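Chemist: Submitted below is the structure of interest, expressed as structure tokens.
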Amino acid sequence: MKSIRDIYKIGKGPSSSHTMGPERAAKLFRERYPEADSFRVILYGSLSKTGVGHGTDRVVREVLSPVPTEIVFSQEEIENSHPNTLDFIALKNGAEVGALRVESIGGGDIRYAGQQNEKSEEVYIEHSFAEIADFCKWRYIHKLSDYVELNEGHEIWDFLMEVWQVMKQSIEDGLKAEGILPGGLNVQRKAKFLMEQKADPNEPGLLEFQRIAAYAYAVAEQNADNGTIVTAPTCGACGVLPAVLKYAQDTKGYTDEQICRGLATAGIIGNLTKRNASISGAEAGCQAEIGTACSMAAAALAELYGQDLDQVEYAAEVAMEHHLGLTCDPICGLVQIPCIERNAVAAMRAMNACNLSYFLTGSRNISYDMVCRAMHETGINLNNRFRETSEGGLARLYNRKKK
């Protein structure tokens, strides 16, 4: 497996697949053909159908500017390719001088179709949770965070500390912001409003929900407003993990260094899912994004609470299992409805999954590897309308003029 640095990317929202990936690809293509006097970029699949809502055309033009760029929203179906595929064509005096087909595979990562992909060092030999657990038992490693340090080196903590500081800042900024999110849906920011409500102090469960939901909304709204966030594992699911970890720090007094231990464990879960299934909503539905984020958050909490490897796996498995089949149907292609709300719901579900692992340790029948494979199988068999095309579900039924 690759480094967990691939899971946590600091950048601008609203979409890792639709903005971060294409942005990265555009920069690389521009560097390859500096002599071009114009570009043509053809978007396919989900990039074509929801690219305007996600800002794909905007970010590509910005990167390739000041060179004139034509964006083509193609309806052509390309066989045996990722749903997030785009063609870059460089032109000089009207003649083509270069072309490249790129797939934006989720989490801001890209791969080149028909060419050798960018080389990235394999950091982890183990490719499943079962293999990791066997290795840890053999080496008497009791925490996944220690397993991460063994493979990544001590410098991983500086990276994770930077990630955590950005996560906290996105919460802080989101809690201060007010107004309407861009895109035309007239979605009101709710994080500040949520945080300022007076909950009944005799209802601790309500207080917990209020805080976690406000944090999740804060980050997800920052993402929807093109703010700086951390993919965990994607932009659309970026609010789940920081919300859970910030609440744990607030209520349990964990240091930033301890929180980074949770981030390390969460990174392994995200890595496993990315390698063995998918973290792309366009490829496997929202279960791949929000489900993975929930699993990462549940595992991080289990690490912080001192649970053993079996309990960490149980927490991650429960979190993913109960997101199986979750569709990706963003209204108008925007990462707002139902995406923002889902971050808050998934954050609470992560808390519940961790609590179940505490009480029911040793009783599970399903492994994380199994539920991960089930998620991937479910995702690739979802009707295409429910995989980030905005052609089914809420996206099809919603009518902004009659709401």
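The values are calculated or read from the model by the stated rules, or taken from the named source; none is laboratory data. These numbers come from a predicted model, not from an experiment. Here the Cβ is made from the backbone with ideal geometry for all residues, glycine too, and neighbour counts use every protein chain on show. Side chains are part of the model used for accessible areas, which takes the heavy atoms of the whole protein and leaves out ligands, DNA and RNA. Shrake-Rupley method; radii C 1.70, N 1.55, O 1.52, S 1.80 Å.
Chemist: If the limit is 29 Å between Cα atoms, which of Lys49/Lys168; Lys2/Lys168; Lys2/Lys246; Lys9/Lys246 go over it?
Modeler: As for pairs spanning more than 29 Å Cα to Cα, those are Lys49/Lys168.
Chemist: Cα centroid distance between the range 69-85 and the range 154-222, in Å?
Modeler: Cα centroid to Cα centroid, the span is 35 Å.
Chemist: I've got another one for you. Mean separation of Cα pairs under 8 Å and 6+ residues apart, divided by the residue count of the chain: what relative contact order is that in percent?
Modeler: Relative contact order here is 19 percent.
Chemist: Sort 198-209, 307-318 by the packing proxy (mean of other Cβ within 10 Å over each peptide's residues), most packed first.
Modeler: 307-318, 198-209
Chemist: Using only the heavy atoms of the protein chains and a 1.4 Å probe, how would Arg139, Arg111 rank by accessible area, largest first? Walk me through the numbers on the way to the answer.
Modeler: Numbers: Arg139 110, Arg111 85 Å².
The ordering from most to least exposed comes out as Arg139, Arg111.
Chemist: In whole Hz, what ³J(HN,Hα) sequence does the range 214-222 give by Karplus (6.51, -1.76, 1.60; θ = phi - 60°), x for Gly and Pro?
Modeler: Once rounded to whole Hz, the list reads 4, 5, 5, 4, 4, 6, 5, 6, 4.
Chemist: Quick one: which of 168-177, 389-398 comes out on top by average Cβ neighbours within 10 Å, and what's the full order, highest first?
Modeler: With the highest mean Cβ count within 10 Å placed first, the list reads 168-177, 389-398.
Chemist: When the Karplus curve 6.51 cos²θ - 1.76 cosθ + 1.60 is applied with θ = phi - 60°, which whole-Hz ³J(HN,Hα) does each residue of the range 185-197 get, with x for Gly and Pro?
Modeler: Running phi through 6.51 cos²θ - 1.76 cosθ + 1.60 with θ = phi - 60° gives 7, 6, 7, 7, 4, 10, 4, 4, 4, 4, 5, 8, 5 Hz.
Chemist: While we're looking at this one, here's another question. Taking H as built 1.01 Å from N, whose amide H comes closer than 5 Å to the amide H of Val97, not counting residues under 5 places away?
Modeler: When sequence neighbours closer than 5 places are left aside, the close amide H contacts are Ala90, Leu91, Lys92.
Chemist: Can you compute the charge dipole magnitude of the range 7-53 about its Cα centre, using +1 on each Lys and Arg Cβ and -1 on each Asp and Glu Cβ, nothing else charged? Give it in debye, rounded to the nearest 20. Numbers along the way, then the final one.
Modeler: Values: 8 positive and 4 negative charges, 38 e Å.
Taking the Cα centre of the range 7-53 as origin, the dipole is about 180 debye.
Chemist: Calculate the radius of gyration of the Cα atoms of the range 1-143 to one decimal place, then report Dmax, the largest Cα-Cα distance, as a whole number, both in Å.
Modeler: Final numbers for Rg and Dmax: 18.2, 65 Å.
Chemist: Once ligands and nucleic acids are excluded and a 1.4 Å probe is used, how much of Met161 is accessible, expressed in Å² to the nearest 10?
Modeler: Counting only protein heavy atoms, the figure is 50 Å².
Chemist: Something else: Which peptide among 331-342, 46-57, 180-191 comes first, and what is the full order, when sorted by highest mean count of other Cβ atoms within 10 Å?
Modeler: On the way: 331-342: 22.9, 46-57: 25.4, 180-191: 17.2.
Put in order of decreasing packing, that is 46-57, 331-342, 180-191.
Chemist: Express the Stokes-Einstein translational diffusion coefficient of the range 232-279 in µm² s⁻¹, to the nearest whole number, given a Kirkwood radius over alpha-carbon pairs, 37 °C and a viscosity of 0.692 mPa s. Walk me through the numbers before you get to the answer.
Modeler: On the way: Rh = 11.5 Å.
Estimated diffusion coefficient is 286 µm²/s.
Chemist: While we're here: Counting only the heavy atoms of the protein chains, how much of Glu162 is accessible to a 1.4 Å probe, in Å² to the nearest 10?
Modeler: Here the accessible area works out near 100 Å².
Chemist: When the Cα centres of the range 270-299 and the range 313-332 are compared, how far apart do they sit, in Å?
Modeler: 8 Å
Chemist: Which whole-Hz couplings ³J(HN,Hα) result when phi for each residue of the range 68-82 is put into the Karplus expression 6.51 cos²θ - 1.76 cosθ + 1.60, θ = phi - 60°, listed in order with x for Gly and Pro?
Modeler: x, 10, 9, 9, 10, 9, 8, 9, 5, 9, 9, 6, 6, 10, 5
Chemist: Might you tell me the accessible area per residue for the chain, computed with a 1.4 Å probe and given in Å²?
Modeler: 42 Å²
Chemist: Work out the length of the dipole vector of the chain about its Cα centre, built from +1 on the beta-carbon of each Lys and Arg and -1 on the beta-carbon of each Asp and Glu, and round it to the nearest 20 debye.
Modeler: 1160 debye
Chemist: Relative to the longest principal Cα axis of the chain, at what angle does helix 309-321 sit, 0 to 90 degrees, rounded to 10?
Modeler: So the helix axis and the longest Cα principal axis differ by about 50 degrees.
Chemist: Express in % the proportion of alpha carbon pairs of the chain at distances exceeding 40 Å.
Modeler: 14 percent
Chemist: Along the charge dipole of the chain, Cβ charges K/R +1 and D/E -1, which of Ala25, Leu397, Leu272 sits furthest on the positive end?
Modeler: Towards the positive end, the residue furthest out is Leu397.
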